[in-house]
Amino acid sequence: SITGTVENKSGTDLPSDLKITLRGYEHGSDPNTGPQEVFTQEGVVNQDGTYTFENVEMPENRIFISEVEVQGIKLKSTYGVVKAGDSSLTLPPLTIYAMTDDTSLLVVDEVRVFLDYSGTDVQVFGVYSFHNPGQQTVLVELKDGNEIPFIKNPEGTTAQGYEAMQDSQPFVSTDKGLAIPPSENSYGLISFTTVPKQAKFDLSQPFILPVASLTVFLPEGVKAESASLTDEGLQTIQNINFQVYSSPNVPAGATIKFTVSGEPKVASGTGTTAQPASNTNQNLLIGAGALGLALILAGAWLYLRDRKSVDEEDGDETPEFESSDDVLDAIVALDDLHRAKKISDEAYQRRRTELKGVLKGMM
């Protein structure tokens, strides 16, 4: 049997006939195919919030999740995996909160801005870490289908989209955008923009919400001038040098302006700009998915560099996932998003192929 609990923290009574769906996934004999949905069954949540699915086949390594739909939003439990000899499985609680569209309830803990000079343009990456300390799920409607209302890109840059950081607390996909349930753990988003490459140019970064800490990372040899930023000097992170600037306690509505100048330092004897080692740490598009992530400082740069190329000669790779279970969880989430038409076929196939490659390497 499969059991679990729906915890109601919404402040209102749930329907007496609230339906719950149990989904099961299995990994086939070919590790390249990834887990496939093999089981679906609907049930009803009991008045005390518990639910039970009886007479469910439970072969070893089958993955189960439960799902309810509230106000048109599908909420999922954390997954459970059947171990050898299990005849029952209890899934982690699935919590329902009240919902609001007030994004000011979110707390932005840190923003990191990275500039990358490797392409024909300068790529500007904004890495946002934030959390929802309240007791309501914050609904975020994407403006024009792709703009997150509480994140503003630097003025004068060309927007390219958003991605979720790999260790972010998971977002919830909705018809109009995403939902951010209360959590002590951090959510993470990366915004991608570009600006024409010039010897000297200005950047203006507006902030909708207050930010506890802003840090700007520039390649060695590139400098920023700003009355709002403090020069923290050259810092080495995993053998990569960054010129670092900071600004604490940025108020809501503020705009941090700075002038960027210089050229990235050229590696000795190579005639090319020094580049950090690449890895396979690629993440889902936020429009395509909602995997979470906690972005470590050096990992951010390695991840951003890998969006353009993978140095196959470099054998020192930093794995995106700690275990095959993490990869399976990512594939299950990706399949769900594709089924809900939240990700294009092209992006889905590309990301699924990447995940299958990671999983195969762990087998």
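Can you give the local net charge around residue 222? Use residues other than it whose beta-carbon is closer than 10 angstrom to its beta-carbon, Lys and Arg +1, Asp and Glu -1.
Residues close to residue 222 contribute a combined charge of 0.
Ordering 165, 58 by how much accessible area each has at a 1.4 Å probe, largest first, what is the list?
58, 165
Keeping every protein chain present and rolling a 1.4 Å probe, give me the accessible area per residue for the range 150-211 in Å².
Using a 1.4 Å probe on heavy atoms only, each residue of the range 150-211 averages 41 Å².
Looking at this model, which pairs from 223/356; 152/223; 76/257; 83/176 are more than 30 angstrom apart at the alpha-carbon?
Checking Cα-Cα distances, 223/356; 76/257; 83/176 exceed 30 Å.
Where the Cα atoms of the range 43-149 are projected onto their three principal axes, how long is each span, largest first, in whole Å?
58, 35, 26
Out of every Cα-Cα pair in the range 84-128, what percent are more than 16 Å apart?
Tail of the P(r) past 16 Å holds 71 percent of the pairs.
From Cα coordinates alone, what are the radius of gyration and Dmax values for the range 110-175 in angstrom?
Radius of gyration, then largest Cα-Cα span, for the range 110-175: 13.9, 45 Å.
In whole angstrom, note down how far apart the Cα centers of the range 34-93 and the range 215-253 are.
46 Å
Arranged from highest to lowest average of other beta-carbon atoms within 10 Å per residue, in what order do the peptides 157-163, 49-55 appear?
The packing order, highest mean first, is 157-163, 49-55.
In the range 184-252, what percent of the accessible surface is made up of carbon and sulfur (1.4 Å probe, ligands and nucleic acids excluded)?
The C+S portion of the solvent-accessible surface of the range 184-252 is 45 percent.
The values are calculated or read from the model by the stated rules, or taken from the named source; none is laboratory data. These figures come from a predicted structure and were not determined experimentally. Every residue, glycine among them, receives a Cβ derived from its backbone with ideal geometry; neighbour counts consider all protein chains shown. In case anyone asks, the SASA skips ligands and DNA or RNA and just uses the protein heavy atoms, side chains included. Shrake-Rupley method; radii C 1.70, N 1.55, O 1.52, S 1.80 Å.
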